[in-house]
Amino acid sequence: MIGGSGFERGVYGLSAGALTGLGEFTLDLRRQNTGPSGNPPFPMDIQYFDTDFARAGYARAFGQLRLEASVHYTDVAHLMDNFSQRPAPLPASQRASYAYATTRGGALSAAFPALGGAFELGADGEWVEHTVTITNPTNTAFLVTPFPQVWLGRLGGFTEWAGPVGPFESQLGLRVDRNTYEAGEAVSGSAVPMGPRNLAAAFNASDRSGAETTADAVARFWTPESGGLSWRLTLARKQQMPGYIQRYGWLPINASGGLADGNIYVGDLGLDPETAWIAEAGFDYAQADFYLRPTVFVRQVDDYIQGVPYDATIGVADTPVEMVAAMSGDATPLRWDNVDARLFGFDLDAGYDFAGPLRLDGVLNYVRGERRDIDDNLYRVTPPNLTLGLTWEADAWSATLETRAVAAQDDVSRTNSERTSEGYVVLSAYGDWEIRDGVRLGAGVENLLDQVYRDHLAGDNRNGFGDVPVGSRIPGAGRGVFVRLSLTR
């Protein structure tokens, strides 16, 4: 058990729509308030995470032409600290991190028949601002902005066509985006040590703005179903921009975009977009009592972004970044960098209906990730896993016994000193009862045997409350029970 890991959240929303002679109008408003919530794999816990979301949409058909338009807005305010829900450090080491983000965006598209199929043409854009400030609540002179007024913009256009190509059904798509990015000047208070202040000065003297054009393309083909069988093939090119943490992380801290692996990271202003070349092939086969959907895939990724050792002299603090990282307890910081990668594997969905009320369903996943620039594995790749569910399905109720088996992960990154993980098996049971039309009761027991296991992608514990050692991989959830009542009209 890990102490200080409670969770509180409230979600409030309103959705409305109107169909008039001028078209269809929609409005969605939502507010989410997250209260004090433990985050044991992170160096800080949530004090609040408040999000406001708004979206307005419009759609209208003009004969065979359909127009759609929307605008959206999101505002986030976020506070985390390292003393409210875990053993508090000495006053000089207490930290409170304030984060704010605002997103504005919109989209416009038109769909109509063309070239024997359905054609869609559109444009969309999104503009995001991020600001993060770290303070010491016991010392007003301690203030630093690890992500100072980061601004990310994207404006793009896309086109998509679906229709027959020879003997195949197909979907062809293309989109091009212009991405812009910039950051303000880092600020550091007088109580911040000289090392971080020097790094802030170097960051402020650098070129912190730029622009990139990215292009995505996809071609999907499948055969019409014949005798229960349909073949499919997907070829694609996909690009992804670096995240703001990866690009603008000038201060060596634990911010990793969710990895929660205990490492200290630093960004790189010169990162290039990732470019993935994707091929997937498989088939869908279904009969009255059996179905099978296997897929094999390969993704060749140029400029894949992951953490690498900061320099060649690992463990020797001979640069300002490594010296600052060592002050925070990690003399081997990682630097976000572009590497060449390959991911390949297969997915399989299958099921069989036995004579009577029994049904068996399963999902199998296998993925292998490797570096192409050096002889090593990619960092933090999920191990092979299998989920099987045996269901007894009656007229008004059903019961399922589910087994999830996860293999050991031995194909780990040596350059990132990644630890291996052991395999495990977890049993769960679920039930569903349709009490009457529109009223359904569901219940379940997850991790039925209260198995202790640790997922390979789980973070390391940073909270000293409880009986899980600090620095060890966080165990998965123990036995849990839920009951759900659903009402529909």
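The values are calculated or read from the model by the stated rules, or taken from the named source; none is laboratory data. Remember, predicted model here, so these are calculated numbers, not experimental data. Because the Cβ atoms are built from the backbone with ideal geometry, glycine has one as well, and the counts that use them run over all protein chains shown.
Test Ala355 against the stated conditions and say whether it is surrounded by fewer than 18 Cβ atoms within 10 Å (Cβ to Cβ), farther than 30 Å from Gly471 by Cα, of a type in the set (Gly, Ala, Ser) and over 22 Å from the mean Cα position of the chain (by Cα).
On the way: surrounded by fewer than 18 Cβ atoms within 10 Å (Cβ to Cβ): yes; farther than 30 Å from Gly471 by Cα: yes; of a type in the set (Gly, Ala, Ser): yes; over 22 Å from the mean Cα position of the chain (by Cα): yes.
Criteria met by Ala355.
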Exercise for the section: Go through the range 126-144 and give me each residue that's out of contact with any Pro (no Cβ under 7 Å at 6 or more places or on another chain), under 19 Å from Pro196 (Cβ atoms) and surrounded by 16 or more Cβ atoms within 10 Å (Cβ to Cβ). Expected result: Thr133, Thr135, Asn136, Phe142, Leu143
Fill in the blank from the handout: Being touching a Ser or Thr at 6+ places or on another chain (Cβ under 8 Å) and closer than 20 Å to Gln240 by Cα narrows Thr145, Thr135, Thr103 down to just Thr103
Practice task
Could you tell me whether the range 431-447 includes any residue that is crowded, with 16+ Cβ neighbours inside 10 Å and in a loop (DSSP other than H, G, I, E, B)?
Solution key: yes
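Test Arg178 against the stated conditions and say whether it is under 23 Å from Thr102 (Cα atoms), in contact with a Gly (Cβ under 7 Å, 6 or more places away or on another chain) and surrounded by 14 or more Cβ atoms within 10 Å (Cβ to Cβ).
On the way: under 23 Å from Thr102 (Cα atoms): yes; in contact with a Gly (Cβ under 7 Å, 6 or more places away or on another chain): yes; surrounded by 14 or more Cβ atoms within 10 Å (Cβ to Cβ): yes.
In short, yes.
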Exercise for the section: State whether one or more residues within the range 94-109 are polar (S, T, N, Q), surrounded by fewer than 16 Cβ atoms within 10 Å (Cβ to Cβ), at pLDDT 95 or above and not in a strand (DSSP E or B). Expected result: no
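Can we say Phe158 is in contact with a Gly (Cβ under 6 Å, 6 or more places away or on another chain), surrounded by fewer than 18 Cβ atoms within 10 Å (Cβ to Cβ) and within 30 Å of Ala219 (Cα to Cα)? Spell out the reasoning first.
Details: in contact with a Gly (Cβ under 6 Å, 6 or more places away or on another chain): yes; surrounded by fewer than 18 Cβ atoms within 10 Å (Cβ to Cβ): yes; within 30 Å of Ala219 (Cα to Cα): yes.
Considered against the rule, which asks whether it is in contact with a Gly (Cβ under 6 Å, 6 or more places away or on another chain), surrounded by fewer than 18 Cβ atoms within 10 Å (Cβ to Cβ) and within 30 Å of Ala219 (Cα to Cα), Phe158 comes out as yes.
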Fill in the blank from the handout: How many residues of the range 264-300 are closer than 12 Å to Arg232 by Cα and among the hydroxyl-bearing types (Ser, Thr, Tyr)? The answer is 2
Problem - Selected residue [among the polar types (S, T, N, Q) and touching a Ser or Thr at 6+ places or on another chain (Cβ under 8 Å)] from Thr180, Thr214, Thr234 - result: Thr180
Practice task
Could you grab me the full set of residues in the range 366-391 that are surrounded by fewer than 18 Cβ atoms within 10 Å (Cβ to Cβ), of a type in the set (A, V, I, L, M, F, W, C) and under 19 Å from Asp303 (Cα atoms)?
Solution key: Ile374
